[in-house]
Structure formats: structure tokens, C-alpha cells
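A short write-up of the structure that comes next.
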Amino acid sequence: MQNSRSESYAAAGVDITAGYKAVELMKAHIARTRNEGCVDDVGGFGGCFALPMGMEDPVLVSGTDGCGTKVKLAILMDKHDTIGIDAVAMCVNDIICCGARPLFFLDYIACGKNVPEKIASIVSGVAEGCVQSGAALIGGETAEHPGLMPVEDYDLAGFAVGIVDKKKIIDNSKMAAGDVIIALPSTGIHSNGFSLCRKVFDIDNNNPELYVANEALGGKTIGETLLTPTRIYVKSILALIKEVSVKGISHITGGGFYENIPRSIPDGLGAKIKKDDVRILPIFDLIAKTGNIPERDMFNTFNMGVGMCVIVAKEDVETALEILKANGEAAYVLGDIIESEDKVVLY
């Protein structure tokens with residue numbers, strides 16, 4: 001017997017017209033990110049970008065990441081215009097660690113239902129992150145997944161490409177005992193550790209305390225403090241490496257001090273850091289107290305107020321601090337590089 005039902009993509013839960021509307025709404029945001037490498041407009045099948053000239057031996061550097069379960073909090077708080085900054089930050093902060101200037105970014109949004117205004121709001125954050133890092137938003141994808149995701153849910157990931165002259169790639173080959181570690185403060189927990197935060201603050205059950213002003217956080221709510229977007233360090237680092245020989249950079253993400261700082265330090269050397277010198281933000285004290293979390297676990301999960309570490313020679317410290325502060329970073333000396341088999345010595 002012939003099936004008399006009339007099926008359509010819309011009946012299956014995918015609204016193509018919503019996708020068209022979302023693209024139209026996001027175009028103004030994308031236009032803000034255009035730079036000298038952009039060669040076509042949004043709407044084609046691939047984003048085109050012209051590589052800059054003038055490098056002897058150009059090397060492309062790429063990075064991809066998402067925002068983790070921070071997206072869950074954005075959904076609960078119905079605030080979607082900053083989570084895109086996190087997506088960009090997690091990618092560009094990685095590629096700047098080897099000295100690469102971001103060129104362009106692409107985003108991928110998977111959602112249960114395409115609500116054009118929500119998608120455009122998400123992309124507005126992506127565009128802001130691109131503006132902050134100097135990258136062009138040259139393309140992306142929004143995928144509607146009915147039946148796979150609840151209608152109100154979405155996830156966001158991204159992909160960045162940067163460029164650096166091969167002879168200027170930052171590695172740790174010249175690092176030595178006596179070099180100094182400089183901290184670039186974070187804006188909060190950035191985009192890592194949210195699975196633990198969700199448990200500590202009972203976020204999945206939409207804890208009412210998320211929305212109440214908290215004295216320990218200077219009157220801000222827990223929710224808005226946790227949702228503070230990741231700081232983007234690209235422009236300050238680019239300014240620094242023009243004037244100072246940087247020996248290593250670490251982006252402090254998931255795994256905290258113990259996992260990320262060693263990634264920029266060669267064998268035989270370690271980072272010696274006095275815990276009292278770490279300018280820990282109030283949100284981390286609140287997390288530790290509320291969740292009864294041991295100190296080592298905190299330093300092994302969160303950035304603890306340090307979003308990025310830069311390692312320079314002792315004689316370059318003052319110049320480095322001046323440059324970073326002139327570019328908006330409240331940078332300070334965090335510790336020293338020592339001869340050690342332990343990569344991180346916290347005391």
C-alpha cells in the first residue's frame with residue numbers, strides 16, 4: 001500500500017527558512033571582523049582568505065576548541081552574546097603561544113532548534129572575539145539536530161588559523177634557569193572546570209543562588225561571574241614579542257598550573273611559584289570553600305586567576321611588564337625557572 005503521508009524537512013524538525021534568517025541577522029556582526037585577507041562575502045561554500053606577504057618562511061598554525069559545559073550556564077541564564085568570545089579565545093590564545101598572529105576563524109553551532117535571533121546573538125559574541133584578536137570570521141555552520149538535542153540546547157566550537165615566520169616561532173630552546181615567569185591575569189575561570197562548577201553550585205538544577213548578589217564576589221551573582229568571557233591575550237602578546245625575546249608562553253586552561261605550565265618548559269627545568277604570589281580571584285576561593293576542594297585539586301583544575309604565563313630573561317622583566325601594562329594587562333612576576341625534575345614547584 002502506498003504511503004499517503006506527505007513528509008518534508010520542516011515536518012522532520014529542520015526549518016530551512018530559519019537558517020536563512022539567521023544568516024541575514026549575523027551578517028552585520030561578521031562584517032565587523034573583516035580584515036585585509038578577506039576576499040569574499042558570507043554565503044559561499046568555503047571561506048576564502050589571502051595570506052599576508054612579507055615573511056621569509058611563513059608557517060600556518062591552527063587550533064580548534066569549544067566552550068565545554070559553560071554553554072549549559074549560558075542556556076540556563078538565557079544569555080548568549082558572550083559565549084562566542086569564549087570559543088574564539090580558546091583557539092586564538094592557544095595559537096599565540098607559539099607567536100602566531102590569528103588570521104581567520106570559523107564557528108560551528110549545533111542546536112536542537114534554530115531560533116534565528118539566538119543564533120545571531122551567539123555569532124555576535126564570536127564576532128566580538130574575532131575583533132579582539134584581529135581575526136576575520138570568514139565562515140561557519142549552523143546545524144539543526146532535532147531529536148538529538150533538546151530544542152533549547154546548543155553547542156559551540158571553533159577553528160582558528162594563524163601565521164608566523166618560522167624563524168620567529170616561540171619555542172623553549174633558549175630557556176634557562178634564572179628566567180622569570182610573568183603572569184597575565186584571567187577574568188575568571190574562563191572556559192574550563194565547568195563540570196566541577198556545575199556540581200559545586202548545583203547549576204544543572206538551576207540553583208536560585210546563581211542569580212543572587214554575592215558579597216564575596218563584590219556584589220555580582222555567581223551566575224554572571226562564572227559567565228564572564230575568557231580574556232583574549234593576542235594583541236598584548238603580539239606587542240610584547242615585537243620588543244622582547246619571549247622564551248615560552250603557556251595558556252592556562254583545563255588542567256590548571258600542573259598541566260599547562262610544563263608545556264612550555266624543557267626537560268631539566270621547572271617553574272618555581274610561591275602560592276602567596278598568585279593573585280587568586282574571589283570566585284576560586286568561593287569554589288574551593290563551597291565544594292570543599294583540596295588546594296592541589298584547585299591548581300590542577302582551574303587557572304586560579306592566571307590566564308597566561310610568559311617566560312622572559314631576568315633582564316627583560318621590567319620592559320616586558322611595561323609593554324604588557326601599556327596593552328591593558330595587569331601583569332606581574334609570578335615565579336622563576338629553576339633546574340628541577342619537577343615541572344611545577346608550588347610552595
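Table for the structure above
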quantity	calculated
Anisotropy class of segment 178-221 from Cα gyration tensor, a/c 1.5 cut	oblate
Most positive-pole-ward Cα, 45, 180, 191, against dipole of the chain from beta carbon charges	180
Net charge dipole size for segment 29-138 [Lys, Arg +1 and Asp, Glu -1 on Cβ; Debye, nearest 20]	400 debye
Karplus-derived 3J(HN,Hα), 6.51/-1.76/1.60, for each residue of segment 134-140, Hz, glycine and proline x	x, 8, 8, 8, 9, x, x
More than 22 Å apart - percent of Cα-Cα pairs taken over segment 153-235	51 percent
Tensor-based shape of segment 240-347 (alpha-carbon gyration tensor, a/c under 1.5 rounded, otherwise prolate or oblate)	oblate
Accessible area of segment 30-150 divided out per residue, in Å², using a probe of 1.4 angstrom	41 Å²
Unit charges on C-beta of K, R, D, E only; dipole of segment 225-267, Debye	180 debye
Eligible lysines near residue 118 by straight Cα distance, threshold 17 Å, same-chain separation 8 or greater	21, 27, 70, 72, 79
Mean accessible surface per residue for segment 182-248, computed with a 1.4 Å probe while every protein chain stays in place, in Å²	43 Å²
Reduced Cα scattering model of segment 206-247, Debye log10 I(q)/I(0), q = 0.33 Å⁻¹	-1.06
Accessible area (Å², 1.4 Å probe, nearest 10) - residue 190	0 Å²
Per residue accessible area in Å² of segment 269-347, where ligands, DNA and RNA are left out and the probe is 1.4 Å	49 Å²
Difference of contour (0.36 nm per residue) and Cα-Cα distance, residue 45 to residue 274	77.3 nm
Percent of Cα-Cα distances greater than 26 Å, calculated over segment 155-293	38 percent
Overall Cα dimensions of segment 287-347 - principal axes, largest extent first, Å	40, 32, 14
Once exposed loop GluC sites (Glu not before Pro) are cut out (DSSP; at most 16 other Cβ, 10 Å), longest piece of the chain	153-340
Convex hull per residue volume in Å³, alpha carbons only, for the chain	172 Å³
Segment 56-179: translational diffusion in µm²/s, Stokes-Einstein, Kirkwood Rh over Cα pairs, 20 °C, 1.002 mPa s	139 µm²/s
Which listed pairs, of 220/325; 168/247; 174/325; 166/272, have C-alpha distances above 20 Å, in listed order	220/325; 174/325; 166/272
Solvent-accessible area, 1.4 Å probe, carbon plus sulfur percent, for the chain	51 percent
Heavy atoms of residue 316 accessible to a 1.4 Å probe, total area in Å² rounded to 10	40 Å²
Translational D in µm²/s for segment 250-308 (Stokes-Einstein at 37 °C, 0.692 mPa s, Kirkwood Rh from C-alpha pairs)	274 µm²/s
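The values are calculated or read from the model by the stated rules, or taken from the named source; none is laboratory data. Predicted, not measured: the structure shown is a model, and the values here were computed from it. Counting neighbours? That spans all protein chains shown, and the Cβs are built from the backbone with ideal geometry, glycine included. Side chains included, ligands, DNA and RNA excluded: accessible areas come from the protein's heavy atoms. Shrake-Rupley method; radii C 1.70, N 1.55, O 1.52, S 1.80 Å.
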